[in-house]
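Note sheet for the following structure.
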Amino acid sequence: MPAADDLFRPTAESAGPAVRAVPDPPADVPEQPQKGPSGRVRHDEKITVYVTAAELMELERARLTLRGEHGMAVDRGRLVREALHLVLGELESEGEGSALVRRLRES
């Protein structure tokens, strides 16, 4: 069995520190969230989301529909980021009347 040092060793030489310092925004300037999905860029942040087998099949079906019927080759991460952007945009504009609020209240 490998030791912890073997499991958590760096896999590539880096020129800088492993953790980037993110400067605090100026106190007088409110933080502006990104208004569009990030698309195909390097993503430094990660979350794990657990889904049912049926939800995963729906996601794959949507991905294959986009590819087969619309000629768009997108991965699941991009598809989820776009959907998240749409839902959060509606929440911001519609607030209490958004589909997200209604669905969460129903569950």
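Numerical summary
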{"read-out": "Residues of the stretch 40-56 satisfying the condition of being more than 23 Å from residue 73 (Cβ to Cβ), open to solvent by less than 90 Å² (accessible area, probe 1.4 Å) and of a type outside the set (Val, Ile, Thr)", "value": "44, 53, 54"}
{"read-out": "Residues located in the stretch 72-89, provided they are open to solvent by 70 Å² or more (accessible area, probe 1.4 Å) and part of a loop (DSSP other than H, G, I, E, B)", "value": "72, 73, 75"}
{"read-out": "Residue list for the stretch 92-107, filter: in a helix (DSSP H, G or I) and either among the aromatic types (Phe, Trp, Tyr) or open to solvent by 60 Å² or more (accessible area, probe 1.4 Å) (or both)", "value": "92, 93, 94, 96, 102, 103, 104, 105, 106"}
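The values are calculated or read from the model by the stated rules, or taken from the named source; none is laboratory data. For clarity, every value in this text was computed on a predicted model and none was experimentally measured. Positions of Cβ are backbone-derived with ideal geometry, glycine not excepted, and every protein chain shown enters the neighbour counts. Each accessible area value is taken on the protein alone, full model and side chains, heavy atoms only, with ligands, DNA and RNA left out. Shrake-Rupley method; radii C 1.70, N 1.55, O 1.52, S 1.80 Å.
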